[in-house]
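Below is one structure; the comments refer to it alone.
Nothing in this text is a laboratory measurement; each read-out follows from the coordinates by a stated rule. Source: prediction; values computed, not measured. Ideal geometry is used to build each Cβ from the backbone, glycine not excepted, and the neighbour counts take in all protein chains shown.
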Amino acid sequence: MRGLPEACGVSAVWWRGCWQTAFAASDQSNHELNLAEIGGTQKSSDEKWNNAAITYWGITDVVGGKGSQRGYFVNDHGVDSRDWGTFEGKVAANDAEITVEGKYQFTGGSG
């Protein structure tokens with residue numbers, strides 16, 4: 001899985017789930033929609049990214065274990081800077097693992 005933190009040179013992220021809601025759509029079998037806010041602290045050898053707080057908000061649409069995810073993110077580097085943007089990707093899920101592959105786009109920042 002190659003996600004936003006890895007693409008930014010971050011070796012690990014310690015996640016804390018903020019909230020998530022999911023429901024089964026009745027238009028077809030195995031159709032699930034999810035809305036979530038996830039946050040965590042990034043760990044990296046790059047000082048700018050080490051201990052930066054990341055929060056993202058995403059919507060996932062999955063049918064039969066495959067689908068898409070898109071949303072928004074904010075990286076807070078403390079007093080030095082803050083950046084934000086969007087992401088989108090493909091999702092694949094099985095019993096034990098969820099894989100997300102896609103791209104992100106920085107849309108703004110300060111510092």
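If I go through the range 50-82 residue by residue, how many of them are surrounded by 15 or more Cβ atoms within 10 Å (Cβ to Cβ), part of a loop (DSSP other than H, G, I, E, B) and either β-branched (Val, Ile, Thr) or within 16 Å of the chain's Cα centre (by Cα) (or both)?
Result for the range 50-82: 1.
Given the condition under 26 Å from Glu32 (Cβ atoms), part of a strand (DSSP E or B), of a type in the set (D, E, K, R) and without any contact (Cβ under 8 Å) to a residue 60 or more places away in the chain, answer yes or no: does some residue in the range 94-106 qualify?
For the range 94-106, residues under 26 Å from Glu32 (Cβ atoms), part of a strand (DSSP E or B), of a type in the set (D, E, K, R) and without any contact (Cβ under 8 Å) to a residue 60 or more places away in the chain: present.
Let me spell it out: the conditions are (1) part of a strand (DSSP E or B); (2) of a type in the set (D, E, K, R); (3) exposed (fewer than 14 other Cβ atoms within 10 Å of the Cβ), and Asp46 meets all of them except one. Which number is the exception?
Evaluating Asp46 over (1) part of a strand (DSSP E or B); (2) of a type in the set (D, E, K, R); (3) exposed (fewer than 14 other Cβ atoms within 10 Å of the Cβ) leaves (1) as the failure.
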